[in-house]
Amino acid sequence: MTTEFENNPKRGDNPSTEADAQEAKETQADASTTGNVDQQSGASDTSSADTSSAGTSTSESDGELEEMQKKYLYLLSEFENFKRRSARERLDLFKNASKDLMVDLLPVLDDFERGLAAMEQATEVSAVKTGVDLVYQKFRGILQSRGLQQIDAVGATFDTELHEAISQAPAADDASRNMVLVEVEKGYKLNEQVVRYAKVIVAV
């Protein structure tokens, strides 16, 4: 009987083994509690880092938005200044478009004034005629240098793009029908654009 009891001890009869088991359970519980605390601490640190990162990102976005607003206002101001400057330049151009022509015509005006003064004391008509012809040629040369061209009329076929018929006359023959017989007023083109139609009499 004694030998069987010693070889098969009951659970309650070995206090040392039960104490060891209880201590192991407490150690596992402490380790689990410590792990949970560490995990909570790590989660807290991560959350804090995320909040800090979000705050930094928001601050950078606000700075970029403010910088873009400043650039927009600067560009808007520059564009308004450009529009005002362009409008002023166009107005000045319209006002002074004929400035160069006027400067070129001033010598002709001077010649006319000298011619008028000379005619008061002139005794020969031929001298006056020569002076007037010289002034005319000078004036005409200035206008031609500016692109003014005389429209051919007499003997040309009537063209509504160049001529203005103010009267009609009987044609001498069939070949002369629709031809310009008389030029009442000369027509001119400026750089290939008609600025005044030639007033003519057309054969019909």
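The values are calculated or read from the model by the stated rules, or taken from the named source; none is laboratory data. These numbers were taken from a predicted model, which means no experiment stands behind them. Backbone-built Cβ (ideal geometry, glycine too); neighbour counts: all protein chains shown.
Of all residues in segment 171-191, those satisfying the criterion of being under 24 Å from Leu148 (Cα atoms), without any contact (Cβ under 8 Å) to a residue 40 or more places away in the chain and under 51 Å from the mean Cα position of the chain (by Cα) are Val180, Glu183, Val184, Glu185, Lys186, Gly187.
Inspect segment 138-151 for any residue being touching a residue at least 40 places away in the same chain (Cβ under 8 Å), closer than 30 Å to Val204 by Cα and of a type in the set (A, V, I, L, M) and give the result as yes or no. Yes - at least one qualifying residue is present in segment 138-151. For Thr160, the stated conditions hold: it is modelled with pLDDT of 90 or more, in a loop (DSSP other than H, G, I, E, B) and loosely packed, with under 12 Cβ neighbours inside 10 Å. Can you find a residue in segment 138-150 that is more than 42 Å from the chain's Cα centre (by Cα), at pLDDT 90 or above, hydrophobic (A, V, I, L, M, F, W, C) and surrounded by 12 or more Cβ atoms within 10 Å (Cβ to Cβ)? No, segment 138-150 contains no residue that is more than 42 Å from the chain's Cα centre (by Cα), at pLDDT 90 or above, hydrophobic (A, V, I, L, M, F, W, C) and surrounded by 12 or more Cβ atoms within 10 Å (Cβ to Cβ). In segment 163-187, what residues are of a type in the set (Gly, Ala, Ser) and modelled with pLDDT of 90 or more? Across segment 163-187, the qualifying residues are Ala165, Ser167, Ala169, Gly187.
Glu80 falls short on exactly one of the conditions (1) assigned to a helix (DSSP H, G or I); (2) at pLDDT below 80; (3) surrounded by 10 or more Cβ atoms within 10 Å (Cβ to Cβ), and that condition is (2). So which residues in segment 102-134 are hydrophobic (A, V, I, L, M, F, W, C), under 52 Å from the mean Cα position of the chain (by Cα) and surrounded by fewer than 13 Cβ atoms within 10 Å (Cβ to Cβ), if there are any at all? Met102, Val103, Leu106, Leu109, Leu134 - these are the residues of segment 102-134 that are hydrophobic (A, V, I, L, M, F, W, C), under 52 Å from the mean Cα position of the chain (by Cα) and surrounded by fewer than 13 Cβ atoms within 10 Å (Cβ to Cβ).
Take the conditions (1) outside the structural domain of Asp110 (by TED's automatic domain parsing); (2) in a helix (DSSP H, G or I); Val135 misses just one of them, which is (1). Screening Val154, Val184, Val195, Val202 for residues that are surrounded by 14 or more Cβ atoms within 10 Å (Cβ to Cβ) and among the β-branched types (Val, Ile, Thr) leaves exactly one candidate, Val202.
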